[in-house]
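Read through the structure below, which is laid out as structure tokens, and then see the notes.
The values are calculated or read from the model by the stated rules, or taken from the named source; none is laboratory data. Note that the structure is predicted; figures quoted are calculated from it, not measured. Cβ sites come from the backbone with ideal geometry, for glycine too, and all protein chains shown count toward neighbours. What goes into the accessible areas is simple: the full protein's heavy atoms, side chains included, and nothing from ligands, DNA or RNA. Shrake-Rupley method; radii C 1.70, N 1.55, O 1.52, S 1.80 Å.
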Amino acid sequence: DAKTTQPPSMDCAEGRAANLPCNHSTISGNEYVYWYRQIHSQGPQYIIHGLKNNETNEMASLIITEDRKSSTLILPHATLRDTAVYYCIVRSANAGGTSYGKLTFGQGTILTVHP
Amino acid sequence: NAGVTQTPKFQVLKTGQSMTLQCAQDMNHEYMSWYRQDPGMGLRLIHYSVGAGITDQGEVPNGYNVSRSTTEDFPLRLLSAAPSQTSVYFCASSLLAGGPGAQYFGPGTRLTVT
């Protein structure tokens, strides 16, 4: 799976949009971009994923550049409860062997939402 | 739906003891897996299952056994606990064994081995 690079930390004011970047310059054509987050002491939570097109759901939007080498997760109106570690993960839907289903969590971005 | 549930939430074991961490999901998901999370190491895949009766090893399987007799349950057994197995354990599931779908995680079991 392609390696991802994220800033170690970001701050955001409550009510403002939080834009979390991720670089994945070695992504291959069959690899998806996933975003998960982990709020302190809880299990990771799925947010959104995409292949080529931008995606939106009730939690967030995912913007993927045309060359697919980077993406941005957008939380449109951040709240204090969005303070968490956010993980950008690139994964092939067809990974086999010991990689089957495996999500590789890097260090992620610690997002702190301030009042 | 309760989603993915794990029991117990906390456990303390002595070295050499055995125990089973329970994981259940009520979403009729094919795929289930176990991860451990250690400080500075991220989450690492222990074992996974693509359906009832089918299990396989992940990247750190030593010292752990799994079985999948039903779609709903995927218990993780520690055969002889060691201090190196002190960790937070997460179970996850997804609808299909293949494809790009989301994985849903349980709340975790915090295990300390003394």
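Counted over all Cα-Cα pairs of chain A, pairs farther apart than 26 Å make up 15 percent.
Taken per residue, the accessible surface of the protein assembly as shown reaches 47 Å², heavy atoms only and a 1.4 Å probe. Counting only protein heavy atoms and using a 1.4 Å probe, what share of the accessible area of chain A belongs to carbon plus sulfur, as a whole percent? The computed percentage sits at 50. Each peptide in B:25-33, A:14-22 receives the mean, over its residues, of other Cβ atoms within 10 Å, and ordering these scores from highest gives B:25-33, A:14-22.
Share of carbon and sulfur in the accessible area of chain B stands at 54%, probe radius 1.4 Å. Accessible surface buried by the A/B pair amounts to about 1700 Å², both sides summed, 1.4 Å probe. When the Cα centres of segment A:59-86 and segment B:76-95 are compared, how far apart do they sit, in Å? That distance is 30 Å.
Diffusion coefficient (Stokes-Einstein, Kirkwood radius over C-alpha pairs, 4 °C, 1.567 mPa s) for chain B: 93 µm²/s, rounded to a whole number. The slack between residue A:42 and residue A:19, meaning 0.36 nm per residue of separation minus the straight C-alpha distance, is 6.0 nm.
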